[in-house]
Amino acid sequence: MKKGIIVGFCLVLLGSGAFALEKAAGGGLLGGYTFQGGTESLYGYNYEWTFNRGSFGACAFFGLSQWVEFNLAFMYKSGEAEVTVEGTTTSVPDEGVPQPTSALGFGVYGKYPIPISDAFVFFPTGGVDVELNFEKDWWSDIWIRGGLGIDFFFTDTLFLRSHLIYGVVLPFGDTELSPQVGHGLLAKAAVGFMF
């Protein structure tokens, strides 16, 4: 009797699609822009600074299921700095700001797929990324992001995945500057394969 109940329960789960994970993997390109700054005190003056920067690079993803996705990214970052002292804003020379750097990113996202047609699947998504910067003058970042994505299927298993996500960045690490919370936009496009 107990074996029959267990077998029946397993058949119900298998029939419900609970084990249909629809794993996927792929890779592509990304680009983003970040707005960040801070407040410092030097020679008795308090000043505000901004360091807005762009980033571009390569990304890869692995979908553990249709609901969860892991990300890996390698990117190049560079930016422009401005300082505001007593209401006057000036640009900072290149030698006065963190130099361009490479960064390695890791992330995990949840998503909720909504099929639009046989070829298109729309999904709201949200998650967390950690970016570790390689230049010693840079701080590293924890991102909390959310946005939208869409999959366009060329075949039953080959698809193009694009994301447009916006987030808040929390800096961490040991640098001479004390950056504050920032924000920014990230776009990704990747070719994927479902298996």
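The values are calculated or read from the model by the stated rules, or taken from the named source; none is laboratory data. These numbers come from a predicted model, not from an experiment. So basically every Cβ, Gly included, is an ideal-geometry build from the backbone, and we count neighbours across all protein chains shown. Please note that ligands, DNA and RNA were not included when accessible areas were found on the heavy atoms of the full protein model with its side chains. Shrake-Rupley method; radii C 1.70, N 1.55, O 1.52, S 1.80 Å.
Condition test on Ser117, is it small (Gly, Ala, Ser) and free of Cβ contacts under 8 Å to residues at least 12 places away in the same chain? Break it down stepwise before answering.
Values: small (Gly, Ala, Ser): yes; free of Cβ contacts under 8 Å to residues at least 12 places away in the same chain: yes.
Yes: the conditions hold for Ser117.
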Subject >> Unmet criterion (only one of (1) open to solvent by less than 80 Å² (accessible area, probe 1.4 Å); (2) at pLDDT below 95; (3) under 28 Å from Gly146 (Cβ atoms); (4) in a strand (DSSP E or B)) for Val108 >> reply: (2)
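Just checking: which of the strands (runs of 3 or more DSSP E) contained wholly in the range 1-103 hold 1 or more residues that are open to solvent by less than 40 Å² (accessible area, probe 1.4 Å), of a type outside the set (A, V, I, L, M) and modelled with pLDDT of 90 or more? Reasoning before the result, please.
Numbers: elements: 24-35, 37-42, 45-63, 68-85, 88-91.
Here the list reads 24-35, 45-63, 68-85.
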